[in-house]
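**Student:** Structure provided below as structure tokens; questions to follow.
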């Protein structure tokens, strides 16, 4: 029984391939919409999958148990909206309050972004080299204990160096490469925003990021006390609280209630500060990426719809052209199911070939994007390939059903008389 089924399937597949090859130019034009649609689906799926992975890695590097408190729940270095500007700044003193009053928090660090809005253009320069692609930040000496980062060269500043407000700094890998292409960084002097700082260390290249870019690689980090001393007007402060394992949600709510009391937030008013965690940020970005995927699928579905209609049209033409062949097969004993299977197999073969070509083009396109635009991820997930091929076969099955049923319903006598 199995051998008979295999023989029939092989025979139908052979007939389908022969029919496609006989009209290869017409078949190629027919499946063009399928190829374009599948290429779009797989390519977008590949890019968004890689981008999502990079974003997850980026935020989880900040610490899975960490809670971030700042004026707004987004990039604190970005310009504030008029409504956000009316919010009271986060005060450095909140860190001590949180550590003392929230039992589910084990440690707290404070940081401040030094922005061009308050201090004019922020650039880093050494003799012969300069860059304005930097995040200038002051941070407490325990920052690396709360959110560990690898030091590629040198060391981080000590609590004593911070307490004395020393003019020292640690550079992100990208800044170090831009200012010191010879690699000799330690002990050198960098001028940032008009002040001179001695380089103590260089961070290792950060993991993850947006389109392959990670803002931590462009940081110039100085002691918090130094930043407060030399940039007294800056108010972009933030607090990072490290929760006890398994207590992050409880700690977050405790911090929220504490800050509402300290800031005298009205009972029925929304929070006038941002408080979030790495996984919450990832979930928000996932929603954005999902919208991008849905839009791309909607656009690519138009190509698939056009391709499907083309397949249906070419199969109806094929039924008309092969009416006499159908009559002969029926006269020799072919059942309706045999005819349906034959034409469905031909439709599936058409769209399946389109799916294979679409996946191949998508893989090649993704690889080329990775080569020419290294900042974009260039991995093709298995699910995208499987989905692309599965969708193409399903289109053949759906749009090939009516022509197949029409072929199976032909009267053998009338079919034999057809010219």
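A short reminder: the numbers here are calculations on the coordinates, not readings from a lab. Remember, it's a predicted structure, so these values are computed and weren't measured experimentally. Cβ atoms come from the backbone with ideal geometry, glycine included; neighbour counts cover every protein chain shown.
**Student:** On alpha-carbon atoms, Rg over Rh for the stretch 249-338 using Kirkwood Rh? Display every interim value, and only then the final one.
**Tutor:** On the way: Rg = 31.1 Å, Rh = 19.8 Å.
Rg/Rh: 1.57.
**Student:** So if each residue of separation counts as 0.36 nm, and I subtract the Cα-Cα distance between residue 189 and residue 371, what length gain in nm does that give?
**Tutor:** 61.9 nm
**Student:** Take peptides 197-207, 280-290 and line them up by average Cβ neighbours within 10 Å, highest first, as a rough protection proxy.
**Tutor:** On the way: 197-207: 19.3, 280-290: 13.5.
In descending order of packing, they fall as 197-207, 280-290.
**Student:** Please tell me the relative contact order of the stretch 72-272 in percent, rounded to the nearest whole number, where contacts are Cα pairs under 8 Å and at least six residues apart. Working shown, then result.
**Tutor:** Values: 362 pairs, mean separation 62.4, N = 201.
Dividing the mean separation by the residue count of the stretch 72-272 yields 31 percent.
**Student:** Another question, then. For the residue pair residue 93 and residue 302, what label-to-label distance in nm results when each label sits 7 Å from Cα along the Cα-to-beta-carbon direction?
**Tutor:** Going by the 7 Å Cα→Cβ label model, 5.9 nm.
**Student:** Continuing with this model, one more query. Assuming R0 = 51 Å, what is the FRET efficiency of residue 244 and residue 125, from their Cβ-Cβ distance, to the nearest 0.05?
**Tutor:** My answer for the efficiency is 0.70.
**Student:** Kindly put 132, 65 in sequence by how many other C-beta atoms sit within 10 Å of each C-beta, fewest to most.
**Tutor:** Placing the least packed residue first, the sequence is 132, 65.
**Student:** Tell me the Kirkwood hydrodynamic radius of the stretch 188-278 in angstroms, computed as one over the mean inverse distance between distinct C-alpha pairs.
**Tutor:** About 17.0 Å for the stretch 188-278.
**Student:** What are the radius of gyration and Dmax of the stretch 72-272, computed over its Cα atoms and given in Å?
**Tutor:** 17.6, 58
**Student:** Determine, from the Cβ-Cβ distance of residue 338 and residue 287 and an R0 of 41 Å, the FRET efficiency 1/(1 + (r/R0)^6), rounded to the nearest 0.05. Numbers along the way, then the final one.
**Tutor:** Working: r = 50 Å, r/R0 = 1.21.
Efficiency computed from Cβ-Cβ geometry: 0.25.
**Student:** Report the Stokes-Einstein translational diffusion coefficient (µm² s⁻¹, integer) for the stretch 298-341, Rh taken as the Kirkwood radius over Cα pairs, at 4 °C with viscosity 1.567 mPa s.
**Tutor:** Numbers: Rh = 12.2 Å.
After rounding, the answer is 106 µm²/s.
**Student:** Efficiency by 1/(1 + (r/R0)^6): what FRET value for residue 402 and residue 324, r their Cβ-Cβ distance, R0 = 25 Å, to the nearest 0.05?
**Tutor:** 0.75
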